[in-house]
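Colleague: My structure is below; once you've seen it, I'll send some questions.
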Amino acid sequence: MSDLHNLSVKALATLLQTKEVSAVEVATRFLARMGGNPHNAFLDIDSEVTLAQACASDAKLANGTAGPLEGVPVAHKDVFVTRDFATTAGSKILSGYRSPFDATVVQRLRTAGMVSLGKLNCDEFAMGSANENSAYGPVQNPWDTARVPGGSSGGSAAAVAAGLAPAATGTDTGGSIRQPASFCGITGIKPTYGRASRYGMIAYASSLDQAGPMARSAEDCALLLSAMCGADIDRDSTSLDMPTEDFSASLNHSLEGLRIGIPKEFFGEGLAADVRAAVDSALREYEKLGAKLVPISLPRTELSIPVYYIIAPAEASSNLSRFDGVKFGHRAKDYTDLVDMYKKTRAEGFGNEVKRRIMTGAYVLSHGYYDAYYLQAQKIRRMIADDFQNAFKECDVIAGPVAPSVAWKFGENANDPVADYLADIFTLPASLAGLPGMSVPAGFGAGGMPVGLQLIGNYFKEAQLLGAAHRLQQATDFHLRKPEGI
Ligand code: GLN
């Protein structure tokens with residue numbers, strides 16, 4: 001089988017269960033494709049580890065103890081700690097760090113049978129929208145190597161789009177699963193905050209961070225999400241005490257009568273015409289499938305940018321204080337005393353964007369500014385969540401663009417961090433509200449670059465989102481298109 005790398009998670013799982021291919025064969029094929037690290041998507045590859053996991057999977061397939069995804073490869077964003085691969089979160093400060101344990105999400109996917117292909121490049125500590133903030137170099141977009149793959153899960157999106165992995169994990173704090181999925185023409189879902197355990201996910205902004213799968217189709221995302229989610233209260237007190245759910249069960253539900261809310265704030269001036277055209281055509285498709293489009297309003301959409309860029313840095317400034325050269329990773333060489341060691345280690349280890357966020361975060365939390373910035377942002381965050389609940393009185397699902405434009409060219413925003421912040425406008429609101437959101441390939445825009453449609457659901461409505469995405473993917477083939485040569 002020469003096209004193993006183009007098969008879905010579902011197809012690979014079936015071939016493995018029926019023993020038409022072995023896990024070692026599948027892993028070997030992907031490792032061969034990963035040779036030379038195309039697009040700079042990976043940060044750590046260790047074929048011995050991958051092949052040992054594949055061998056163990058083959059043994060389980062042979063003796064009847066296989067998990068549902070036994071032998072199917074997956075690659076992990078470098079924000080998840082792993083015992084068998086290095087973990088850096090894209091930062092120099094963690095270079096050479098190896099965790100003594102696996103993140104819950106990593107462990108759950110292995111229990112389901114998935115074989116790890118290694119660790120994926122990302123923006124440093126998941127701070128970014130273009131993967132230009134990785135200390136280990138940018139990731140190229142497989143659709144046009146002169147363009148960014150999106151961020152911060154840029155390695156995850158590029159690896160799936162380039163057929164280097166059938167699926168990947170990502171993390172989404174303010175859009176980092178949805179936006180790179182959109183930029184690379186794949187499917188990704190961020191579940192409701194608390195669905196997936198954050199244990200072993202290197203913390204950026206703990207009240208927002210959430211893990212999710214990235215793959216070609218909604219069907220594949222459903223398979224991974226079912227395996228990833230579940231209560232883990234002892235290790236992550238914000239993980240939800242809810243039974244695991246089979247997100248594949250309702251993929252084929254009819255969309256007849258589904259009310260899709262169209263927020264007018266998502267279709268204003270800043271939206272590029274090519275993105276708008278692709279999103280509009282996906283909405284027409286939904287009408288053909290029996291859904292009704294309902295105009296709604298999310299009046300505080302614009303405020304989500306200042307609110308997020310206060311709250312996320314505030315939490316980051318606290319979370320990142322643990323990287324001080326004592327317990328993990330990098331330590332400066334020449335120092336006079338402990339404080340000097342902290343200072344030099346952090347000055348050398350963190351990149352500019354991370355430093356910018358730590359300083360912003362410390363500022364908004366400082367005495368005298370706390371009330372004016374941090375507290376105010378928390379209040380508006382609640383109002384943003386309330387706006388969604390008002391909207392969900394009139395609709396079942398909300399749809400709009402993921403990002404205002406297609407993937408931009410390297411360097412275009414490099415000297416203007418605020419330009420990247422502004423491009424997060426459509427993904428931040430759902431993050432601040434803790435709602436599930438996904439990106440579904442909806443067509444192509446300028447330069448032949450992919451465009452994603454964003455679907456946002458109410459709390460715990462992942463199954464409904466995945467179902468809506470799946471029905472669109474039955475009617476269109478955007479998710480099956482590949483960059484040239486893949
Ligand atoms: N672009 C946003 C940021 O830089 C979101 C990143 C994320 O979701 N991890 O913070």
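The values are calculated or read from the model by the stated rules, or taken from the named source; none is laboratory data. Small disclaimer: the values here were computed from a predicted structure and weren't measured. Every residue, glycine as well, gets a Cβ built from its backbone with ideal geometry; the counts of neighbours run over all protein chains shown. Side chains are part of the model used for accessible areas, which takes the heavy atoms of the whole protein and leaves out ligands, DNA and RNA. Shrake-Rupley method; radii C 1.70, N 1.55, O 1.52, S 1.80 Å.
Colleague: Could you compute the FRET efficiency for LYS292 and GLU269, with r as their C-beta to C-beta distance and R0 at 25 Å, rounded to 0.05?
Modeller: E between LYS292 and GLU269, to the nearest 0.05, is 0.40.
Colleague: Can you give me the % of accessible surface on the range 432-475 that is carbon or sulfur? Probe 1.4 Å, all protein chains present, nothing else counted.
Modeller: 49
Colleague: Divide by every residue of the chain the summed helix terms, -39500 (n - 2.57) for each DSSP H run of at least 4, and state the resulting mean residue ellipticity at 222 nm, rounded to the nearest 500 deg cm²/dmol.
Modeller: -11000 deg cm²/dmol
Colleague: 5 Å is the cut-off here: which amide hydrogens, built 1.01 Å from N in the peptide plane, fall below it relative to GLY118, excluding neighbours closer than 5 in sequence?
Modeller: Amide H to amide H, under 5 Å and 5 or more residues apart or across chains, GLY118 pairs with HIS76.
Colleague: Is there a quick way to get the dipole size of the range 343-486? I mean about its Cα centre, with the Cβ of Lys and Arg at +1 and of Asp and Glu at -1; what is the value in debye to the nearest 20?
Modeller: 480
Colleague: Kindly rank 119-127, 80-88 from highest to lowest mean number of other beta carbons found within 10 Å of each residue.
Modeller: Top of the packing list down: 119-127, 80-88.
Colleague: How charged is the neighbourhood of GLY290? Take every other residue with its Cβ under 10 Å from the Cβ of GLY290, and add Lys/Arg as +1 and Asp/Glu as -1.
Modeller: +1
Colleague: Collect residues whose amide H, placed 1.01 Å from N in the peptide plane, falls under 5 Å from the amide H of THR187; neighbours closer than 5 in sequence don't count.
Modeller: Here the answer is ALA215, ARG216, SER217, since their amide H atoms fall under 5 Å of that of THR187.
Colleague: Now a separate question. Short version: ³J(HN,Hα) in whole Hz for each residue of the range 381-398, in order, from phi by Karplus 6.51 cos²θ - 1.76 cosθ + 1.60 (θ = phi - 60°), x for Gly and Pro, what are they?
Modeller: Using θ = phi - 60°, the values come out as 4, 4, 5, 5, 5, 5, 4, 5, 5, 5, 5, 6, 6, 9, 8, 9, 9, 10 Hz.
Colleague: From the residues GLY230, GLY151, GLY174, which one has its Cα farthest along the dipole of the range 137-283 in the positive direction, the dipole being from +1 and -1 charges on Cβ of Lys/Arg and Asp/Glu about the Cα centre?
Modeller: GLY151
Colleague: While we're looking at this one, here's another question. Based on the mean of other Cβ atoms within 10 Å per residue, sort peptides 200-208, 449-457 so the most packed one is first.
Modeller: 449-457, 200-208
Colleague: How far, in nm, would the chain grow between SER366 and PHE101 when pulled straight, counting 0.36 nm per residue and subtracting the alpha carbon separation?
Modeller: 91.9 nm
Colleague: Structure shown: which of LYS10/LYS92; LYS10/LYS482; LYS190/LYS393; LYS264/LYS355 lie over 29 Å apart, alpha-carbon to alpha-carbon?
Modeller: From the list (LYS10/LYS92; LYS10/LYS482; LYS190/LYS393; LYS264/LYS355), the Cα-Cα distance tops 29 Å for LYS10/LYS92; LYS264/LYS355.
Colleague: Please turn the phi angles of the range 287-295 into ³J(HN,Hα) values with the Karplus equation 6.51 cos²θ - 1.76 cosθ + 1.60 (θ = phi - 60°), one per residue in order, whole Hz, x for glycine and proline.
Modeller: In residue order, the calculated couplings are 4, 4, 7, x, 7, 10, 8, 10, x Hz.
Colleague: Roll a 1.4 angstrom probe over the protein heavy atoms and tell me the percent of accessible area of the range 38-96 that is carbon or sulfur.
Modeller: Summing carbon and sulfur atoms, their accessible area is 53 percent of the total for the range 38-96.
Colleague: Using mean Cβ contacts within 10 Å as the protection proxy, how do 173-179, 312-318 order, highest first?
Modeller: In decreasing order of mean packing, 173-179, 312-318 become 173-179, 312-318.
Colleague: Quick one: if you stick a label point 7 Å off each Cα along the C-beta vector at ASP340 and LEU480, how many nm between them?
Modeller: Going from the ASP340 label point to the LEU480 one covers 6.6 nm.
Colleague: Count the net charge of all other residues whose Cβ sits under 10 Å from the Cβ of LEU4, scoring Lys and Arg as +1 and Asp and Glu as -1.
Modeller: Net charge around LEU4: 0.
Colleague: I'd like the carbon and sulfur percentage of the solvent accessible area for the range 243-392, probe radius 1.4 Å, heavy atoms only, ligands and nucleic acids excluded.
Modeller: Details: 4350 of 8020 Å².
Answer for the range 243-392: carbon and sulfur cover 54 percent of the accessible area.
Colleague: Let me ask something else about it. With a 1.4 Å probe and all protein chains left in place, how much accessible area per residue does the chain have, in Å²? Don't jump to the answer; show the numbers that get you there.
Modeller: Working: 17700 Å² over 486 residues.
Solvent-accessible surface per residue comes out at 36 Å².
Colleague: Separate question: With an 8 Å cut-off on Cα pairs and a minimum separation of 6 or more residues, tell me the relative contact order of the chain in percent.
Modeller: 17
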